[in-house]
Amino acid sequence: MSAPNIETIVSLSKRRGFVFPASGIYGGLGSAWDYGPLGVELANNIKKSWWNWLVYERDDIEGLDSSIIQNRLVWKYSGHEQTFHDPLVDCRKCKKRFRLDKLEDVQCPLHNEFHPGESPECSLTEAREFNLMFRTTLGAVSSDDDPAALAYLRPETAQGIFTNFGNVLNTSRRKIPFGIAQIGKAFRNEITPGNFIFRTLEFEQMELEYFCKPDEASQVFESLLEAYTEWMQKIGISKENLLLYEVEPEKLAHYSKRTVDVMYRFFPERSAESQWDELMGIANRTDFDLKSHSKKPEDTEGKRINPDSTEDLSYFDPQTNERFYPYVIEPSIGVNRTLLAVMMDAYTEKTNEKGEMRVILRLAPEMAPIKVAVLPLAKNKPEIVELAKRIKRELQPSMRTVYDDTGGIGKLYARQDEIGTPFCVTVDHQSLEDSAVTVRDRDTWEQERVGVDALQTYLSERLNK
Ligand code: GAP
């Protein structure tokens, strides 16, 4: 089982402290969200898992953290100033603005949902292009419309990788093929943000730019796509909820020769063909970016395509004595959409022996915000409380552990199940006699007695299974 719809996750998130509406006390913003005590842990676990897998476990990838605000020329030569547009339409009646290619996702104030051609009350204008980059101005002296002070919040982290290609290559003494990975915020002035954290103005990307010879690009594309789908399953996204979608040539981004979107079943309540939307994209960006940021390449009339760059980002292959611009394969995945998919996939309902429905978030242990909760059976008994707190302190350095005595044991178990804690450790009267505690498994609700001395090894083994 997984969540029946995103709304289920919205209410669980609010109830338990994963995600809250940003600036909620002022009515919110509709398209910005804050990550609460559990949400920040889950997001960090996703990022840690991705970074470990790519930067630490593989030997062909370096990490980077580039600036959100870059010289405006980066966005000129990347093509974003010219082409990073969405088609915008206005409704003459309700006065709202919508993205033409996403009408099915939006809520019109006059009727519940748009169905193109089925909503005669709507009076949409012709589409026009709307640039998605957030603009800002640099410097204390600038006026708001001073073009010399214009800057953008980055709409993708990728460009910081391309502009640093030479720096990383030279300082790490790498040879291609190799990749550069980066996690960071990106910003897009989306026309119709929505569906909780699925489409927001501010989000986080985990991007890998993998540089290779042009004739290796297809094979690299296939192997990274396969590796990513394996990683997604490792963090708890089931294969049945994933679908690969080959983007049609006429819909490809300006830099892409081939793109496959990995779609997740974010909308299981919809009709079969509308259940899916993009979780990640993998693109063959060819040599587009390295070339367009380089000072040397010329157009057909012999004019430099980039008269502003001071560097050439070509690569010299010492084996063949050839100089060329590497091809780039780019898998790009959003932290926020991954978090939503992980939560949806983990969501389960189970009925207890009293016939009550309980929510269990069956997160992979690696993802769980809290790995172990230590619960005293009697909080008015100082020796029990003391032992429970000591166990918490001793486990904490090796696994995220909390102490909780804010309710009866049944309530505490239910709360930990709902936030995905794999194990509860209960300290009872007997523990004071036999130095053993009860370990309860989130998924089976089975309980086992374990000696306090053996507890850390026992839990580590079960968490890392
Ligand atoms: N550098 C390539 C690139 O940015 P993209 O398909 O536009 O490609 C990559 O974005 C990923 O970033 C998406 O698959 C999605 O997970 C995430 N993403 C994009 N726009 C988003 C938004 N407005 N809100 C949340 N996540 C977003």
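Remarks
- Based on C-alpha pairs under 8 angstrom that are at least 6 apart in sequence, region 116-270 has a relative contact order of 15 percent.
- Of the trypsin sites (Lys or Arg not before Pro) found in region 394-430, none is in coil by DSSP with at most 12 other Cβ atoms within 10 Å of its Cβ.
- Relative contact order of the chain, defined on C-alpha pairs under 8 angstrom at six or more residues apart (%): 14 percent
- Legend: calculated FRET efficiency, F20 to A414, from the Cβ-Cβ distance at R0 = 22 Å, rounded to 0.05, equals 0.55.
- Taking every protein chain into account, the accessible area of region 120-182 amounts to 52 square angstrom per residue (probe 1.4 Å).
- Overall form of region 315-462 per C-alpha gyration tensor (a/c, 1.5; a/b vs b/c): prolate
- The accessible surface of the chain, taken with every protein chain in place and a 1.4 Å probe, is 48 percent carbon and sulfur.
- In this simple spin-label approximation, R135 and F324 carry label points 7 Å from Cα along the Cα→Cβ vector, and these lie 4.1 nm apart.
- Rg [Å, one decimal], Dmax [Å, integer] - the chain, C-alpha atoms: 25.7, 88
- Here the ratio of the Cα radius of gyration of region 287-352 to 2.2 N^0.38 Å is 2.07.
- Since only Y255, H80, Y35 are under comparison, the one whose Cα sits farthest along the positive direction of the charge dipole of the chain, derived from C-beta charges on Lys, Arg, Asp and Glu, is Y35.
- Cα-based helix-to-principal-axis angle, 382-395 vs the chain, degrees rounded to 10: 30 degrees
- Which of T136, M206, S435, positive extreme of dipole for the chain (C-beta unit charges): S435
- Computed about the Cα centre, the dipole magnitude for the chain is approximately 1060 debye when only Lys and Arg (+1) and Asp and Glu (-1) carry charge, each at its Cβ.
- For region 321-336, the Karplus equation 6.51 cos²θ - 1.76 cosθ + 1.60, evaluated at θ = phi - 60°, returns couplings of 6, 10, 10, 7, 8, x, 7, 10, 9, 10, x, 10, 9, x, 5, 5 Hz by residue, with Gly and Pro reported as x.
- Euclidean distance of C-alpha centroids, region 244-315 and region 1-54, integer Å: 28 Å
- Of the GluC sites (Glu not before Pro) in region 417-465, the ones in a loop by DSSP (not H, G, I, E or B) with at most 11 other beta carbons within 10 Å are E446.
- C-alpha long axis of helix 217-234 to longest principal axis of the chain, angle in °: 20 degrees
- Scalar couplings 3J(HN,Hα) for region 441-454, obtained by applying the Karplus form with A = 6.51, B = -1.76, C = 1.60 to θ = phi - 60°, are 8, 4, 7, 9, 6, 6, 10, 9, 8, 10, x, 4, 5, 9 Hz; x denotes Gly and Pro.
The values are calculated or read from the model by the stated rules, or taken from the named source; none is laboratory data. Computed from a prediction, not measured in an experiment: that's the story for all the values here. Methodologically, a virtual Cβ is constructed for each residue, glycine included, from the backbone with ideal geometry; neighbour enumeration extends over all protein chains shown. For the accessible areas, the whole protein counts, side chains as well, though only heavy atoms, and no ligand, DNA or RNA atoms are used. Shrake-Rupley method; radii C 1.70, N 1.55, O 1.52, S 1.80 Å.
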